[in-house]
Every structure is written in structure tokens, then in C-alpha cells.
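A.B. asks: Input: one structure, supplied below.
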Amino acid sequence: MNLAGKRVVVMGLGRFGGGIGVTRWLCGEGARVLVTDQASADDLRESVAQLADVLVEYRFGAHESADLDGCDRLVVSPAVDKAKSPFVQEAMRRGIALSSEMNLFLERCRGRIIGVTGSVGKSTTTAMIGAILDAASKARGWNHGRVWLGGNIGKSLLDDLPSIAPRDLVVLELSSFQLEDAGPLRIGPHVAMVTNLRENHLDRHGTMHAYASAKANIYRHQHADNWLVLPFSSAEALPDLTGPQRVYRFGADDKSGGAGLEYQDNNGVPRRETLSVSLKIPGLHNVQNAAGAVAVARICGVEDATSLAALAEFGGLVHRLEFVRELDGVQYYNDSKATSPEAAMTSIRAFACPVVALVGGSDKGGSFEAFGQFLARQAKAVVCMGETRERIAAAIRTAVSDCARGPVLILSDDFANAIGTARELAKPGDVVLVSPGCASYDWFKNYEQRGDRFREIVNGWK
């Protein structure tokens, strides 16, 4: 759709400006834009101020069905549960086209897309791929154009659309919410990668089947000249894996600690290789992430030596096993991005030394049984905090009956006090790790604010 002169309703500006980028872009395309948000004008004043130089209508305090009169397209945040939103359901009854910021980009992107999704590790793997391709693009023999990095990793590329050429490589981190929205577009990226599939976002998707089906949209419409990059495990329970695309598999070798790769050569002969990988960031799971990044790079024609050199320099991402400081012989790590139990367990496994774990936050509807069993066996001490502290503590107590000795278990109703308690429990040689296994919306606006606060507190100690 040519958006010039069209009436577009943007559902949700957000207190933290989630709809600012798409609203500004739509105005630049000549659309007549109405932003509607349930929050008050006063609550949204900072976000509105950032749109002061463009012509936008606003509806504050409610989503009113009258605002859909004459609407050509409704742009909805991926965070909105469309099945539970009367406003979205009314738009669908009227036959109004639904879209999202990512869909608007995917519909118009001329570059070759490398899409990365998964329950754990997708941000780190996306960043690894970006680092490798950026290094390769500066070397002799590069056969592509520019490298772009965006999507759920934090950067919208809508404004860059005019500059993205067909030869360019566009690396996108894609969430299950974004992929659910993208299903009707029937777009198959040049390379689709799934890092793993674990229980997550069941408060939104309802079942693992629905969650996996949303993830599968990243490869469901690929063609024979496309690539699908998957982990070794055959128990990932991904649906519709019978497409025509070529498959590359990856993983970490438990014995050697190397990066494993499986593929068919040009003669159709199966090959298995293990590469030695040097990383600054800890954990066998990051070796697996690196293996996936190398597989994608190979598909793009990058030599292994270039990939391994780039990975050796890769320093990781903030809020993802981010080293904060060492104090009195104790190392402090910020892993606030670990918003599911599976992500937190993966991070704790990265350390061979005793771990004092800070866990808990807002509830996404999943079970804490496995998390409790894991913490009972693997953690030296656990400080449970936030909305889910009682549920996680109960799961640990239940699991301790099966253990010879459980961890020290503390409950806290204050973030700063929880961190101070973790400091008291830690001894030289230990790690204090904030890896909550839960979302942050009980005490913080997002996981970034939670991680920033952890870093601020720890760096403020004498």
C-alpha cells in the first residue's frame, strides 16, 4: 500500500516511546496519522514531545471504535494481544488491514534478510553474526553490499529503507510476537536461524504449540534457494520442517568445547566439523551461539578465519552475562535479559565457580518447577525477589527434599536490599549473578532498567 494520503491509526505510543519511530516514519510517507493510547496525555507527555515537529492527531485515555472510521490501516505494537483487544477485534470485523512496524519494514525491504529467532540467545547470536559480517565486509573478496543490523535487538530500520540496496545483508532479530504478525506476509528470508525452542511467553501464546508455530513463520515460506540454520537437537519440536530450503545445523561439542557444524557439501555428502572457538564471554551456550553465527557466515561466503577472528573480539551485549566488576574477590554479572527460567539456567551453567543467584520478577505464566530443581542443585545461594519470589522459593523448597543439601534461600521485597544480601552471602571466588528468569514489569519498565540499576548499585560500592 502506498501510504500517502491514507489514514493510519497507530495503536499505542507508549510511555517509553515504542511507537515514536513508526509514527514519524508514517508521517514521512505522507500518511494521515492518529495515535491512540489508553494512557493519559500527562503520562505520555515525554513521548508526545518527541513528535512535536510532525503532524499527528492523538486520542488519549482510550481506544475508541469511532477512531477506526475511515481507517485504511491499523498499526499495532507486537506487545498487544490481538485476540484480547476489543479495538483490534473491531478493526478485523471491519476488514481493516493490520500491520506492525516490522511488517511495514519487511514489506518494503529490498535487501537479503537474515532472520534470527529463538527462545534463548537470539540477541547475542544476532550481534555475533553482525560482527562477523561487518568484519568480512571490510576485507577483500566481499561479494555483498552493506550490512544492516536491527529488529528486536533494538534498532528500527524503517528510516534506512531508501538506503538498503538489493545486494545488502539485513540481519534481523525477530521475536515470536513479530513473527506471529508477519505470518500473513508469507515472506521467507534468505537465511532463517532458530537458536533453540524453550517454554516462554505462554501468557501470550497459551500453548507451546502456538508459540512454536509463531516461531516457525521465520522459515515456513522459504524457497529452495534459501537456508534454514537449526541446532543439532532433534527435540526442538519445531513444526513444518519439511520445506524445500537447504539446512545447516550447529551446536557445541560437550567434550572438546568446540563449535560443531553439520551440512551437506556440493555433492550431497553429509559433513560434520568441529572448530576451536575463542570467546571473551563465558559459557558453552555461547559456543553454540558462535557455531550458529559461523554457519550463517559460511552461507554468506565468509571464510572461517574471518569469523573466528571476529568472534574472538566480540565482547558480548549489555544485560547478557555482562561483567560488571570484581570486588573483594567476588565477580558481579548482569544478566537481566534472562527473562525466562530456561535463559537463567543457561547462564548459571556458564560458571564453574559457586553462584549466588538473584532471581524473580513479573510472571509470564510458565512453570517454575524445573527452575526450582535446578537452583536447588546448582546455586550456592538464591535471593528470590519481585512478584514471583514466593512461587520460585516454593519450587526450590520442594526440590530441596530431593537434594543432599540445598542452597541458602532468602526472599526480598526490595531490589537494592536483594543485591546487598547477595553481596553478604558471596565469598571470594564466587559469582553474584542477576539472572531473574522472569520479566521485569513488576518493579521496572523493562529489563534494561533493571540491569542498569543492578550495575549502578554494584559500581557504587566501596
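A.B. asks: Which is the longest part of the chain that has none of the GluC sites (Glu not before Pro) sitting in a DSSP loop with at most 13 other Cβ atoms within 10 Å?
C.D. replies: It works out to 65-302.
A.B. asks: Using 0.36 nm per residue of separation minus the Cα-Cα distance, give me the extension gain between residue 255 and residue 57 in nm, one decimal.
C.D. replies: Extra length available between residue 255 and residue 57 comes to 65.3 nm.
A.B. asks: Remind me, relative contact order of the range 322-459 in percent, using alpha carbon pairs under 8 angstrom and six or more residues apart?
C.D. replies: 39 percent
A.B. asks: Could you work out the relative contact order of the chain, using alpha carbon pairs under 8 angstrom and six or more residues apart, expressed as a whole percent?
C.D. replies: 11 percent
A.B. asks: Treat each spin label as a single point 7 Å out from the Cα along the C-beta direction, and report the residue 398 to residue 225 distance in nm.
C.D. replies: It is 5.3 nm.
A.B. asks: While we're on this one: Would you please classify the overall shape of the chain from the alpha carbon gyration tensor, given that a ≥ b ≥ c denote the square roots of the eigenvalues, rounded means a/c under 1.5, and beyond that prolate means a/b larger than b/c while oblate covers the rest?
C.D. replies: oblate
A.B. asks: A follow-up question, please. Extending each Cα 7 Å along its Cβ direction at residue 448 and residue 303, get the distance between those two points in nm, one decimal.
C.D. replies: 3.8 nm
A.B. asks: For the pair residue 240 and residue 413, how long in nm is the line joining their label points, each one 7 Å along Cα→Cβ?
C.D. replies: The two pseudo-label positions are separated by 4.7 nm.
A.B. asks: Please give the residues of the range 315-344, grouped as numeric ranges, whose backbone N is less than 16 Å from a label point set 7 Å along the Cα-to-Cβ vector of residue 427.
C.D. replies: 328-331
A.B. asks: The range 112-151 to the range 251-271: how many Å between their Cα centroids?
C.D. replies: Their Cα centres are 21 Å away from one another.
A.B. asks: Follow-up. Assuming a ≥ b ≥ c are the square roots of the Cα gyration tensor eigenvalues, decide whether the range 80-203 counts as rounded (a/c under 1.5), prolate (otherwise, with a/b larger than b/c) or oblate.
C.D. replies: In terms of gyration-tensor shape, oblate.
A.B. asks: Within 10 Å of each candidate Cβ there may be at most 16 other Cβ atoms; applying that plus a DSSP loop requirement, which trypsin sites (Lys or Arg not before Pro) in the range 197-258 survive?
C.D. replies: Taking the range 197-258 and a limit of 16 other Cβ atoms within 10 Å, the loop trypsin sites (Lys or Arg not before Pro) found are 255.
A.B. asks: If you don't mind, another one. Trypsin sites (Lys or Arg not before Pro) within the range 93-141: which are DSSP loop residues with at most 10 other Cβ atoms inside 10 Å?
C.D. replies: When the trypsin sites (Lys or Arg not before Pro) of the range 93-141 are filtered for loop state and at most 10 Cβ neighbours within 10 Å, 138, 140 remain.
A.B. asks: For the chain, what is the calculated [θ] at 222 nm in deg cm²/dmol (nearest 500), taking -39500 (n - 2.57) for each run of four or more DSSP H residues and dividing by its residue count?
C.D. replies: It lands at -9000 deg cm²/dmol.
A.B. asks: Hey, what did the range 86-208 get for relative contact order, percent, Cα under 8 Å, at least 6 apart?
C.D. replies: After rounding, I find 38 percent.
A.B. asks: Continuing with the same structure: Could you tell me how many cubic angstrom of Cα convex hull volume the range 7-99 has per residue?
C.D. replies: 85 Å³
A.B. asks: Right, something else. If the viscosity is 0.692 mPa s and the temperature 37 °C, what Stokes-Einstein diffusion coefficient in µm²/s follows for the range 322-459 when Rh is the Kirkwood radius over Cα pairs?
C.D. replies: Once the numbers are plugged in, D ends up at 229 µm²/s.
A.B. asks: What order do you get for 363, 414 when you list them from fewest to most C-beta neighbours inside 10 Å?
C.D. replies: Final ranking by Cβ density, sparse to dense: 414, 363.
A.B. asks: Right, next: Could you work out Rg/(2.2 N^0.38 Å) for the range 103-313, with Rg from alpha carbons only?
C.D. replies: This ratio for the range 103-313 stands at 0.96.
We did not get these values from a lab; they are worked out from the coordinates using the rules stated. Because the structure is a prediction, the values reported are computed rather than measured. Don't worry about glycine lacking a Cβ; one is built from the backbone with ideal geometry, like all the others, and counts go over all protein chains shown.
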